[in-house]
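Below is one structure, written out as structure tokens; the observations come after it.
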Amino acid sequence: MLRLVVPKGSLERQTFDLFAAADLKIHRSSEVDYRGTIDDARVKEVRVLRPQEIPVYVADGMFDLGITGRDWIEETGAAVVTLGELAYSKTTEKPVQVVLAVHASSGARRVEDLPAGVRVSTEYPRLTERFFAARGVPADVRVSYGATEAKVPEIADAVVEITETGRALEAAGLRVLEVVLESYSALIANPVAAADPVKAHAMGQILTLLQGALDARSQVLVKLNVSGADLESVIAVLPALKSPTVSQLFGGSGFAIETVVPKSTINVLIPELKDRGATDILELPLAKIVH
């Protein structure tokens, strides 16, 4: 039914892992194959292409559905429907940033401090031109095909570049002047396909599975037993998506509790639960959380 295109390159492995976690495993003959399949009646075909091209191909109707970064949606200006944000990137689960950076020795503290005709190297020429035009600073925007941060100060005065942590820019002797755009992976659709009720329903189901798999990455299920005397004390320290599930143990010997909690807090939570009288504590991974 749906023709799907997913990103080749830096997001490739993370995207394939996400689809597998969502029970939408993409099969292909080898890691260099640009075609794949999913054993799901909702997906007719899968292609693996560069994320820079995906918004245009989806907008043109070559594919119904695709995954790419918001940076490339903005750069291409492609007329696509964004169905939902997918919180993952190359190495983190946080949005990446497209930033304007200058040499650390530059006296500029804001965009307006840059001189007219400032030389800017970037892989995002359209986005960069719109950014400088909106700030009223004439800029000489030059397309970069890689190693962008290495071009300052001899070849360019500034760069507009994507970064996850900022460490690569710092290592190159650059300083971030301003964030141009926060970018995240997104599930996008062709407008005509998204207007088709049958296809739109299938797209929504796929988005539910992908977001459920992503949400589960940061949560764990905690199960434990506790006596009646310690119940309130244990409940008091339990965070939950809604509220903990509490059921009485057979024979009335105590209570069983289960709840979903942030994985980032589990190293503090488990000892605290034990201190408050909890026993038989289990931490279990989750496959999906669907709200």
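If we keep just the residues of region 152-169 that are in contact (Cβ under 8 Å) with a residue 24 or more places away in the chain and among the charged types (D, E, K, R), which is nearest to ASP71 (Cα to Cα)?
Checking each candidate, the answer is GLU161.
Any idea which residue in region 49-72 is nearest to the chain's Cα centre (by Cα), counting only those that are among the aromatic types (Phe, Trp, Tyr) and part of a helix (DSSP H, G or I)?
Residue satisfying both the conditions and the ranking: TRP72.
The rows are residues; the columns are (1) surrounded by 15 or more Cβ atoms within 10 Å (Cβ to Cβ); (2) of a type outside the set (Ser, Thr, Tyr).
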| position | (1), (2) |
| --- | --- |
| ALA101 | yes, yes |
| GLU112 | no, yes |
| GLU123 | yes, yes |
| LEU127 | yes, yes |
| PHE131 | yes, yes |
| THR163 | yes, no |
| VAL176 | yes, yes |
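Among the residues of region 1-23, write down those that are assigned to a loop (DSSP other than H, G, I, E, B), under 22 Å from the mean Cα position of the chain (by Cα) and either modelled with pLDDT under 95 or within 20 Å of GLY69 (Cβ to Cβ) (or both).
Within region 1-23, LYS8, GLY9, SER10, LEU11, ALA22 qualify.
Is it the case that VAL46 is under 30 Å from ASP196 (Cα atoms), β-branched (Val, Ile, Thr), within 24 Å of the chain's Cα centre (by Cα) and in a helix (DSSP H, G or I)?
On the way: under 30 Å from ASP196 (Cα atoms): yes; β-branched (Val, Ile, Thr): yes; within 24 Å of the chain's Cα centre (by Cα): yes; in a helix (DSSP H, G or I): no.
The answer is no for VAL46.
Identify the residue in region 238-265 that is surrounded by 14 or more Cβ atoms within 10 Å (Cβ to Cβ) and among the aliphatic types (A, V, I, L, M) and, among all such residues, is nearest to SER218 (Cα to Cα). Walk me through how you get there before you give the answer.
Taking region 238-265 as the starting set, the residues that turn out to be surrounded by 14 or more Cβ atoms within 10 Å (Cβ to Cβ) are 238, 240, 244, 246, 254-261, 263.
Those still in the list that are among the aliphatic types (A, V, I, L, M) too: 238, 240, 246, 256-257, 260-261.
On the way: LEU238: 16, ALA240: 13, VAL246: 23, ALA256: 23, ILE257: 20, VAL260: 10, VAL261: 9 Å.
Taking the candidates together, the pick is VAL261.
What are the residue pairs meeting all of these: first residue in region 42-60, first residue closer than 18 Å to GLY77 by Cβ and assigned by TED's automatic domain parsing to the domain that holds GLY9, second residue in a strand (DSSP E or B) and hydrophobic (A, V, I, L, M, F, W, C), Cβ atoms under 6 Å, and 6 or more apart or on different chains?
Sorted first by the residue in region 42-60, then by its partner, the pairs are ILE54/VAL5; VAL58/ILE188.
Quick check on region 189-196. Is at least one of its residues farther than 30 Å from ALA278 by Cα, surrounded by fewer than 16 Cβ atoms within 10 Å (Cβ to Cβ), free of Cβ contacts under 8 Å to residues at least 60 places away in the same chain and more than 29 Å from the chain's Cα centre (by Cα)?
Checked region 189-196: no residue is farther than 30 Å from ALA278 by Cα, surrounded by fewer than 16 Cβ atoms within 10 Å (Cβ to Cβ), free of Cβ contacts under 8 Å to residues at least 60 places away in the same chain and more than 29 Å from the chain's Cα centre (by Cα).
I need every pair where a residue in region 136-151 that is within 15 Å of ALA116 (Cα to Cα) has its Cβ under 9 Å from the Cβ of a residue that is charged (D, E, K, R) and part of a strand (DSSP E or B), sequence separation at least 6 or different chains.
Within 9 Å, the pairs are ALA139/ARG119; ASP140/ARG119; VAL141/ARG119; ARG142/ARG119.
Pairs, please: C-beta under 6 Å, at least 6 apart or cross-chain, first residue farther than 20 Å from ALA287 by Cβ and touching a residue at least 24 places away in the same chain (Cβ under 8 Å) and in region 249-268, second of a type in the set (A, V, I, L, M) and assigned to a helix (DSSP H, G or I)?
Filtered contacts from region 249-268: PHE255/LEU231.
So if I check each of GLU129, GLU161, GLU178, which one is in a strand (DSSP E or B), within 17 Å of ILE73 (Cα to Cα) and under 29 Å from the mean Cα position of the chain (by Cα)?
None of the other options fit; the residue is GLU161.
ALA200 - would you say it is part of a helix (DSSP H, G or I) and without any contact (Cβ under 8 Å) to a residue 40 or more places away in the chain? Show your work before the answer.
Details: part of a helix (DSSP H, G or I): yes; without any contact (Cβ under 8 Å) to a residue 40 or more places away in the chain: yes.
Yes.
The values are calculated or read from the model by the stated rules, or taken from the named source; none is laboratory data. Worth saying up front: this structure is predicted, and the values here are computed from it rather than measured. Glycine gets a Cβ as well: all are built from the backbone with ideal geometry, and neighbour counts include every protein chain shown.
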